[in-house]
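Have a look at the structure below, then the notes.
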Amino acid sequence: MSPDAATLIRDALALDVDQRAVVVNALLESLHHAGGTGEVDTAWRAEVTRRLAEVRAGAVTSVDADERYASLRAPLNASPAPATVHAH
């Protein structure tokens with residue numbers, strides 16, 4: 001890492017969280033534009049906008065991620081181990 005990059009990182013980490021978010025967003029945007037991801041960004045923005053509208057309209061309910069993952073793991077944890085087949 002160059003001394004300039006190290007200084008930049010050190011200075012950025014000294015910013016408050018909101019200022020760091022602005023810097024991160026600007027850096028990510030610069031990477032996205034350099035990689036030609038316009039179609040993907042447009043599709044994701046449309047998807048996020050649609051999902052947010054559904055939440056605001058009350059058409060969907062949010063679920064706590066930890067609770068949802070636990071409910072998905074529960075049947076897996078309760079299942080007996082698969083039987084082993086022995087060849088004769």
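Descriptive notes on the structure:
- Qualifying position, being without any contact (Cβ under 8 Å) to a residue 12 or more places away in the chain, of a type in the set (A, V, I, L, M, F, W, C) and loosely packed, with under 10 Cβ neighbours inside 10 Å, among 6, 14, 43: 14
- So residue 40, is it at pLDDT below 90 and not in a loop (DSSP other than H, G, I, E, B): yes
The values are calculated or read from the model by the stated rules, or taken from the named source; none is laboratory data. It should be emphasised that the depicted structure is a prediction, and the values quoted were computed from it without experimental measurement. Here the Cβ is made from the backbone with ideal geometry for all residues, glycine too, and neighbour counts use every protein chain on show.
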